[in-house]
Amino acid sequence: MENRKYVDCREQDAGKSGCSLRISGNEKEVTDAAFLHAVSVYGFPDTDETRFQITNSLKDDSENAPFSTPSKATIFDEKNIAH
Ligand SMILES: [Zn+2]
């Protein structure tokens with residue numbers, strides 16, 4: 001099974017750019033897309049060095065990672081039930 005990777009602009013520059021793009025897919029897909037994004041949006045040089053840096057910044061995107069589910073706060077508190 002192929003490991004999915006991701007890059008998230010919000011993690012790259014601490015949100016300074018205001019860009020919230022998140023790219024996920026296999027390593028090549030993410031690298032290609034992130035490279036184009038970095039060059040066209042952030043003005044990175046169109047070089048292998050930029051691509052290399054992007055490849056190094058990819059993070060594992062586990063599809064099994066649990067989403068932050070809202071806690072099922074219980075509305076009913078037994079003490080509040082009128083008898
Ligand atoms: Zn971005």
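May I ask you to sort Thr55, Thr47 by Cβ crowding, counting other Cβ atoms within 10 Å and putting the fewest first?
Placing the least packed residue first, the sequence is Thr47, Thr55.
How would you rank Ser17, Ser40, going from fewest to most other Cβ atoms within 10 Å of each one's own Cβ?
Ordered by Cβ neighbours within 10 Å, fewest first: Ser40, Ser17.
Within 10 Å of each residue's Cβ, count the other Cβ atoms and sort Phe35, Phe52 from fewest upward.
Least crowded to most crowded, the residues run Phe52, Phe35.
Read-outs: derived from the displayed coordinates by stated rules, not from any lab. Everything quoted here is computed from the prediction, not taken from an experiment. Quick reminder, even Gly has a Cβ in these numbers, built from the backbone with ideal geometry, and neighbours come from all protein chains shown.
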